[in-house]
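Down below is the structure, laid out as structure tokens.
The values are calculated or read from the model by the stated rules, or taken from the named source; none is laboratory data. Owing to the predicted nature of the structure, the values given are computational and were not obtained by experimental measurement. So basically every Cβ, Gly included, is an ideal-geometry build from the backbone, and we count neighbours across all protein chains shown.
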């Protein structure tokens, strides 16, 4: 009788052990499947490709700091840092070079490089996104954008050194910034015109005549550039020079090269202009000036 009882206990124990292992394996598989499913749901999108609803879930905060390492004798000069909080369910990416601070008659481009990635529910910061910002451009007349005007991040209305994306709903700031284009009157008449060949040629002529100025990017083939500097460049040569200056890819303000307005001046230089007015200049000697480069 005792032997029979021991046999029953052993059988029951074996059954319980098998059931326990089965549940453990099943639970592990379910956990793995859930994790895989969650990972698959997390989409990665560049900011400009987000829906309007998702953009509303991304908050930007810009902080102003005076830069006393610069010449502040006439007016204070500032740097602007950025904090991004992503409340959407997507991972959002930014090209760090595509942030732009639009001033009344000028624009400042980010000098940062690489890709900024902000995961869902997280916050990331970029120190000194913009530098050498004049004090007058921090009082409300200015716009901080990503890539182009359809991606406004905040108006440059710094209260206690801070500007937030929530100020984009401020009617006074909306009205005050309607005329802010990032160009002086002369530049606007030249770069924004799509009908006047004379204006476009003037811009290109000025670019071509300053072949020896600083702040330009060299081309991949200096010998061919020297040979063509006296006669000017063909359109294909200008395109090749522009492509060589940016080997990482031709993303010109969010446009491909074929979407740019291309004009040639009388001295052989070429301009490549986006619909928003960002202008790349290829001089007659093959050197390239990008938006934000020194004159």
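If the condition is being under 20 Å from residue 97 (Cβ atoms) and surrounded by fewer than 14 Cβ atoms within 10 Å (Cβ to Cβ), then segment 150-183 contributes only 150. Within segment 142-166, residues that are more than 18 Å from residue 110 (Cα to Cα) and assigned by TED's automatic domain parsing to the domain that holds residue 104 sit with their Cβ atoms under 9 Å from residues that are in a loop (DSSP other than H, G, I, E, B) and at pLDDT 90 or above, at 6+ positions apart or across chains, in these pairs: 157/170. Report, by residue number, each residue of segment 88-147 that is in a loop (DSSP other than H, G, I, E, B), surrounded by 15 or more Cβ atoms within 10 Å (Cβ to Cβ) and either in contact with a strand residue (DSSP E or B) (Cβ under 7 Å, 6 or more places away or on another chain) or at pLDDT 95 or above (or both). Within segment 88-147, 88, 90, 103, 104, 110, 112, 120 qualify. Listed by position, the helices (runs of 4 or more DSSP H) inside segment 196-294 whose residues that are modelled with pLDDT under 50 and either surrounded by fewer than 22 Cβ atoms within 10 Å (Cβ to Cβ) or touching a strand residue (DSSP E or B) at 6+ places or on another chain (Cβ under 8 Å) (or both) number at least 1 are 197-209, 222-228.
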